[in-house]
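The values are calculated or read from the model by the stated rules, or taken from the named source; none is laboratory data. Note that this is a predicted model, so its numbers are computed, not measured. Reconstructed Cβ throughout: ideal geometry from the backbone, glycine too, with neighbour counts over all protein chains shown. Just so you know, the surface numbers come from the protein's heavy atoms only, side chains and all, with ligands and any DNA or RNA stripped out. Shrake-Rupley method; radii C 1.70, N 1.55, O 1.52, S 1.80 Å.
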Amino acid sequence: VQLQASGGGLVQAGGSLRLSCAASGGTFSRYRMAWFRQAPGKEREFVARIRHGGITYYTGSVKGRFTISRDNAKNTVYLQMNSLKAEDTAVYYCAANENDDYAYDYWGQGTQVTVSS
């Protein structure tokens with residue numbers, strides 16, 4: 001499975017961005033999809049995930065502000081990010097796995113999100 005993330009950019013605090021991750025080379029509907037992020041000098045951290053049937057889970061710091069969704073017809077997963085904060089600045093990665101919520105086998109290349117305060 002190949003993953004291509006896009007949609008990052010520079011936004012002011014309080015603004016919004018929508019990230020996209022297009023998948024190819026596999027049966028997208030079978031995959032659990034997730035977003036992770038890595039800020040400068042920090043370890044990569046989990047942000048959100050969505051299962052085949054649409055069940056979602058978020059890390060506490062983004063709950064209520066970010067929404068993960070998927071379009072199986074387009075082989076794409078999205079991350080709608082609202083009320084962005086400076087601490088959301090990071091490289092965002094999408095990831096995929098068939099059977100595990102926590103260990104992901106396939107990773108995209110990352111897209112930079114910078115929130116100015």
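Would you mind counting up the charge near D101? Only other residues with Cβ under 12 Å from its Cβ, with Lys and Arg at +1 and Asp and Glu at -1.
On the way: positive: R32, R49, R51; negative: E98, D100.
After counting each charged neighbour, the total is +1.
Take the solvent-accessible surface of the protein heavy atoms, probe 1.4 Å, and return the percent of it on the chain that carbon and sulfur atoms account for. Before the final figure, lay out each step's value.
Working: 2640 of 5950 Å².
Carbon with sulfur: 44 percent of the solvent-accessible area.
Taking K and R as +1 and D and E as -1, what net charge do the other residues with C-beta under 11 Å from the C-beta of A13 add up to?
Working: positive: K85; negative: E87, D88.
Residues close to A13 contribute a combined charge of -1.
Taking the Cα atoms of the stretch 12-64 alone, what are Rg (to one decimal) and Dmax (as a whole number) in Å?
13.3, 37
What residue among T27, T56, T89 has the largest mean-square fluctuation in a Gaussian network model of the chain, using Cα springs under 10 Å?
Residue with maximal mean-square fluctuation among T27, T56, T89: T27.
In the chain, if every C-alpha pair distance is counted and binned at 5 Å from zero, what percent goes to each bin?
All Cα pairs, binned at 5 Å, distribute as 2, 13, 25, 27, 19, 10, 4, 1, 0 percent.
Give me the net charge for the shell around S61: Cβ to Cβ below 13 angstrom, other residues only, Lys and Arg +1, Asp and Glu -1. Display every interim value, and only then the final one.
Values: positive: R37, K42, K63, R65, K85; negative: E45, E87, D88.
After counting each charged neighbour, the total is +2.
So between A39 and S16, what do we pick up on full extension, going 0.36 nm a residue minus the alpha carbon distance?
Numbers: separation 23, 0.36 × 23 = 8.28 nm, distance 1.81 nm.
Between A39 and S16, full extension yields an extra 6.5 nm.
With charges set only on the Cβ (+1 for Lys and Arg, -1 for Asp and Glu), what does the dipole of the chain come to about its Cα centre, in debye to the nearest 20?
Values: 13 positive and 9 negative charges, 54 e Å.
Using Cβ point charges on Lys, Arg, Asp and Glu, the chain gives about 260 debye.
Could you go through the stretch 23-35 in sequence order and give the Karplus-derived ³J(HN,Hα) for each residue, using 6.51 cos²θ - 1.76 cosθ + 1.60 with θ = phi - 60°, rounded to whole Hz, and x for Gly and Pro?
Once rounded to whole Hz, the list reads 10, 8, x, x, 8, 4, 5, 8, 8, 7, 10, 8, 10.
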